[in-house]
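Q: Below are the structure tokens for one structure; questions will follow.
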Amino acid sequence: MKNRVLGNSLEVSEIGLGCMGLSMSFPPFPPDEVSIKFLRDAYDQGVTFFDTAEIYGPYKNEILLGKAFKDMRSKVIIATKFGFKYENGQSVGLDSSRENILNALEGSLKRLQTSYIDLYYQHRVDPNVPIEEVAQVMKELIEQGKIKHWGLSEASASTIRRAHKICPVTAVQSEYSMFWREPETKILDTLKELKIGFVPFSPLGKGFLTGTVKPGAIFGEGDFRNTIPRFNNPEYLEANMKLVDFVNNLAIKKSTTPAAIAISWVMAQGDFIVPIPGTKSLDRLKQNLGASEVKFTQEELKAIKIELDKIKIIGQRYSEVNEKQIDK
Ligand SMILES: NC(=O)c1ccc[n+]([C@@H]2O[C@H](COP(=O)([O-])OP(=O)(O)OC[C@H]3O[C@@H](n4cnc5c(N)ncnc54)[C@H](OP(=O)(O)O)[C@@H]3O)[C@@H](O)[C@H]2O)c1
């Protein structure tokens, strides 16, 4: 697989792997040994960029990555995230205080069985801690060699600018797909201008764009999509099927799969973009990596944009509680 560069110098496979689903949001979760083998299989398929977070599990996902990659640490790029506080092992809100970051980092290093994190993201902007203070902590951690790069997730353009002034930001990770295009108007120009990489999460629209979520879908207990209006409201799900049909038709035209279309379209928006689709299955992973083979001409991209602009997506992408944590 080809590589792309995030920020000035972080070289990663042009498609990464979102590891969250192995421990959170999309149950059932595979047994640990199955997940560990899957992570190593992903590396064998050419993936070098693995996305996790302290909160995935909490903690369990980082432990899996630690076990999977301890004997090949220098061959993979591991991104993890801080920014929540915990009571009895459960997240109870945002906390990007210096003390909480330093504690979180020590925990992540231990679980990941490593002496450094390649890319350390603030998971959500904490309204109680100025971003300059967080950036200052990141600067110190980079100087100490404990982290190589840092980033933000779901941050606004103004927060990104303020952070970047104190300590250069390598990547911003936010939701972006044909199902959620807000970054196009809110942050992409800023990222291009500042030469910051962009890592779209949920590039498959949490599975929606693959065509496997049908109208009337019932999600299992603990599935994150039960909390999301776009998924838990049958009317919205039905109305938004227009987009699934559009992606499916494109896949037929380009002789590929809807998943590969969704991922390659995100990649076609700029060479500073590296999506991290999530899956627990090797077959689906191979399908997703097929996105590398799909190319669009400028004319095709223009035509797709015109069609996407016509498809009005209905329903929120997050519950009210989750939406409140988004930096505007
Ligand atoms: N920074 C943040 O706040 C944030 C938020 C959410 C996610 N993330 C990161 O982004 C990663 C990806 O996002 P995501 O998992 O929310 O959404 P996603 O990648 O858009 O979609 C994942 C869903 O699609 C299914 N899927 C994957 N490939 C498929 C295929 N080829 N055909 C059919 N279905 C397929 C998966 O099921 P199977 O697993 O069963 O294949 C899973 O249900 C996460 O793993 C996580 O690392 C970050």
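Q: Measuring from label point to label point, each 7 Å out along Cα→Cβ, what is the ASP71 to GLU299 span in nm?
A: My value for the distance between the label points is 5.3 nm.
Q: Rounded to the nearest 5, what % of the DSSP beta bridges within the chain are antiparallel ones?
A: Antiparallel bridges: around 25 percent, rounded to the nearest 5.
Q: On alpha-carbon atoms, Rg over Rh for the range 107-197 using Kirkwood Rh?
A: Taking Rg over the Kirkwood Rh, I get 0.99.
Q: Give me the distance between the Cα centres of the range 1-71 and the range 131-170, rounded to whole Å.
A: For the range 1-71 versus the range 131-170, the Cα centre distance is 23 Å.
Q: Which net charge results when you count Lys and Arg as +1 and Asp and Glu as -1 among the other residues whose beta-carbon is under 11 Å from that of TYR116?
A: Combined, the nearby Lys, Arg, Asp and Glu give +2.
Q: Considering only LEU289, LEU301, LEU102, give the residue with the highest GNM mean-square fluctuation for the chain, with springs between Cα atoms whenever their separation is below 10 Å.
A: Greatest mean-square fluctuation among the candidates belongs to LEU301.
Q: To continue, here is another question. Under the classification rounded if a/c is under 1.5, otherwise prolate if a/b is larger than b/c and oblate if not, where does the range 56-182 fall, given a ≥ b ≥ c as square roots of the Cα gyration tensor eigenvalues?
A: Since a/c stays below 1.5, the shape of the range 56-182 is classed as rounded.
Q: Check which residues have an amide H placed less than 5 Å from ILE273's amide H, if you skip close sequence neighbours.
A: So ILE273 has HN proximity to PHE198.
Q: Now, a different point. Determine the calculated [θ] at 222 nm for the chain from helices alone, applying -39500 (n - 2.57) to every DSSP H run no shorter than 4 residues and normalising by the residue count; nearest 500 deg cm²/dmol.
A: Taking each H run of at least 4 residues, the total per residue is -11500 deg cm²/dmol.
Q: How big is the range 138-275 by the Kirkwood estimate over distinct Cα pairs, in Å? Kindly include the intermediate steps, with their values, before the conclusion.
A: Numbers: mean 1/r = 0.0600 Å⁻¹.
Over the range 138-275, the inverse of the mean reciprocal pair distance is 16.7 Å.
Q: Here's another thing I want to ask about it. Out of all Cα-Cα pairs in the range 213-299, roughly what percent, to the nearest whole number, are more than 20 Å apart?
A: Values: 1767 of 3741 pairs.
When all Cα pairs of the range 213-299 are counted, 47 percent exceed 20 Å.
Q: I've got another one for you. What pairs from LYS165/LYS305; LYS37/LYS324; LYS37/LYS139; LYS81/LYS214; LYS186/LYS242; LYS195/LYS302 go past 30 Å between their alpha carbons?
A: Violating the 30 Å Cα-Cα cut-off are LYS165/LYS305; LYS37/LYS324; LYS37/LYS139; LYS81/LYS214.
Q: For the chain, with all protein chains present and a 1.4 Å probe, just round the carbon and sulfur fraction of the accessible area to a whole percent. Show your work: numbers first, answer last.
A: Working: 7420 of 14680 Å².
Carbon and sulfur together cover 51 percent of it.
Q: Regarding the chain, what are the three Cα extents along the principal axes, ordered largest first, in Å?
A: 51, 43, 38
Q: Can you give me the Kirkwood hydrodynamic radius for the range 36-128, using every pair of distinct Cα atoms, in Å to one decimal?
A: 13.5 Å
Q: Can you give me the angle between helix 258-267 and the longest principal axis of the chain, using Cα atoms only, in degrees from 0 to 90, rounded to the nearest 10?
A: The two axes meet at around 60 degrees.
Q: With contacts defined as alpha carbon pairs under 8 Å and 6 or more residues apart, what's the relative contact order of the chain in percent?
A: Value for the chain: 20 percent.
The values are calculated or read from the model by the stated rules, or taken from the named source; none is laboratory data. Not measured: the values here are computed from a predicted model. As a convention, Cβ positions derive from the backbone with ideal geometry for all residues, glycine included, and neighbour counts pool all protein chains shown. Each accessible area value is taken on the protein alone, full model and side chains, heavy atoms only, with ligands, DNA and RNA left out. Shrake-Rupley method; radii C 1.70, N 1.55, O 1.52, S 1.80 Å.
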